[in-house]
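The values are calculated or read from the model by the stated rules, or taken from the named source; none is laboratory data. As the structure is a computational prediction, the values presented were derived from the model and not from experiment. In this analysis, Cβ positions are derived from the backbone assuming ideal geometry, glycine residues included, and neighbour counts consider all displayed protein chains. For accessibility, only protein heavy atoms count, side chains too; no ligands or nucleic acids. Shrake-Rupley method; radii C 1.70, N 1.55, O 1.52, S 1.80 Å.
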Amino acid sequence: MKNKTILAFLLLSTLFIACKEDKLAPVAANAVKPTVVTEALPHDTDDPSIWIHPTDASKSIIVGTDKDTDGALYAFDLKGKIIAKSEILKRPNNVDIAYGLSIDGKKVDIAVTTERESNKIRIFSLPDLKAIDNGGISVFEGEALRDPMGVALYTRKSDDKIFAIVGRKSGPSGSYLWQYELSGNGKSATAKVVRKFGAYSGKKEIEAIAVDNELGTVLYCDEQFGIRKYKADPALKDNKELTIFGKTGFKADNEGIAIYKKTDSTGYILVSNQQANTFMVYPREGANGNPNNYPLLAEIPTSTIECDGADVTSINLGGAFKNGLFVAMSNGMTFHYYAWDLIQKRIDDRK
């Protein structure tokens with residue numbers, strides 16, 4: 001009887017694995033190969049963000065999350081080597097970066113991550129990854145559904161104020177996202193709620209969020225439904241949805257979002273087609289004179305597996321990255337760096 005039970009368990013396990021693998025597409029034979037693959041993290045990579053060094057872009061770093069109960073933020077150099085680690089965090093999920101938060105009379109570059117198991121956002125100085133938040137800032141206080149996941153930072157052009165837009169595992173449509181104004185109180189960063197917004201289909205969750213500072217917009221993935229767009233400035237008191245796009249062509253989840261900026265208003269929006277191991281590319285400025293019209297320009301197969309998060313820069317980082325760098329999380333506890341030229345060529349080939 002015991003042997004039959006073990007055999008049944010093994011058969012069920014095999015079936016589960018086969019079903020799971022059937023849902024995932026293999027890496028395509030013509031997939032773009034990474035220029036650099038980072039050193040592996042201990043647990044589960046999820047989301048990267050790029051910090052540009054103020055005086056020497058070749059010393060820029062990628063900050064990524066290691067998502068586990070004893071996870072952390074890690075910093076990588078442009079060769080993919082781990083060069084710094086934050087204090088231990090309780091399941092850091094997503095991360096974003098902003099420049100020049102005023103702390104104790106000084107301008108400090110920051111990385112903000114969501115800490116799911118503590119229902120907080122955590123704020124760290126860059127590039128040293130030192131906590132400056134007095135143990136963290138609680139989010140979604142008073143709500144039954146909290147579990148912070150996605151985060152994106154918005155820097156308002158008019159006054160350089162920095163805001164964190166935070167998403168969660170689940171929440172009500174219309175106020176799924178909460179927006180926090182960040183500031184300094186003595187030597188610590190603080191945050192206060194200034195806005196609640198964001199429609200939600202109820203299909204899965206909202207994790208991937210990106211802000212276009214120059215255009216003043218927020219994009220976020222309502223997984224398995226589409227990509228929603230809103231204005232970013234809470235002072236406008238405008239919570240109307242501007243558009244929703246990317247409702248077709250995804251195998252399952254629409255995930256990590258990255259915005260490549262050719263100029264202050266043009267470029268590309270890249271969205272992970274997670275289970276297909278590809279990225280969908282849309283025009284940042286819209287099409288046919290309509291900033292809310294986003295036709296699909298290209299679908300690019302990459303070597304990343306089940307990519308959750310991505311970031312991109314057009315800044316010349318030197319070497320292979322003279323026209324910028326695209327970074328994406330991959331299963332296998334790594335991040336993949338792609339020289340932007342490799343991505344641009346695939347976009348041009350599809351035009």
Practice task
Taking D264 as the residue in question, decide whether it is assigned to a loop (DSSP other than H, G, I, E, B), closer than 23 Å to L325 by Cα and open to solvent by 10 Å² or more (accessible area, probe 1.4 Å).
Solution key: yes
Handout entry: Test: residue in the stretch 342-350 that is assigned to a helix (DSSP H, G or I), of a type outside the set (K, R) and open to solvent by less than 10 Å² (accessible area, probe 1.4 Å)
Key = yes
Exercise for the section: Please give the number of the condition D311 fails out of (1) among the charged types (D, E, K, R); (2) in a strand (DSSP E or B); (3) open to solvent by 50 Å² or more (accessible area, probe 1.4 Å). Expected result: (3)
Handout entry: Some residue of the stretch 64-84 being outside any loop (DSSP other than H, G, I, E, B), surrounded by fewer than 21 Cβ atoms within 10 Å (Cβ to Cβ) and of a type in the set (D, E, K, R)
Key = no
Practice task
Kindly indicate whether L215 is part of a loop (DSSP other than H, G, I, E, B) and in contact (Cβ under 8 Å) with a residue 60 or more places away in the chain.
Solution key: yes
Handout entry: Among (1) touching a helix residue (DSSP H, G or I) at 6+ places or on another chain (Cβ under 9 Å); (2) assigned to a strand (DSSP E or B) - the single one K251 does not satisfy
Key = (2)
Exercise for the section: Scan the stretch 290-303 and give yes if some residue there is within 28 Å of P42 (Cβ to Cβ) and open to solvent by 10 Å² or more (accessible area, probe 1.4 Å), otherwise no. Expected result: yes
Problem - Checking E241 against (1) in a strand (DSSP E or B); (2) of a type outside the set (F, W, Y); (3) closer than 24 Å to A199 by Cα; (4) in contact (Cβ under 8 Å) with a residue 40 or more places away in the chain, the condition it does not meet - result: (1)
Exercise for the section: Give the number of residues within the stretch 150-174 that are open to solvent by 50 Å² or more (accessible area, probe 1.4 Å) and of a type in the set (S, T, Y). Expected result: 2
Exercise for the section: Working only within the stretch 101-123, note down all residues that are assigned to a strand (DSSP E or B), farther than 20 Å from V194 by Cα and not aliphatic (A, V, I, L, M). Expected result: K106, K107, D109, E115
Exercise for the section: For N323, work out the one condition from (1) farther than 25 Å from A57 by Cβ; (2) open to solvent by 50 Å² or more (accessible area, probe 1.4 Å); (3) part of a loop (DSSP other than H, G, I, E, B) it doesn't fulfil. Expected result: (1)
Problem - Single match in Y282, Y220, Y268, Y230 (criterion: at pLDDT 95 or above and touching a helix residue (DSSP H, G or I) at 6+ places or on another chain (Cβ under 8 Å)) - result: Y268
Fill in the blank from the handout: The correct count of residues that are in a strand (DSSP E or B), touching a residue at least 60 places away in the same chain (Cβ under 8 Å) and over 16 Å from the mean Cα position of the chain (by Cα) in the stretch 124-171 is 1
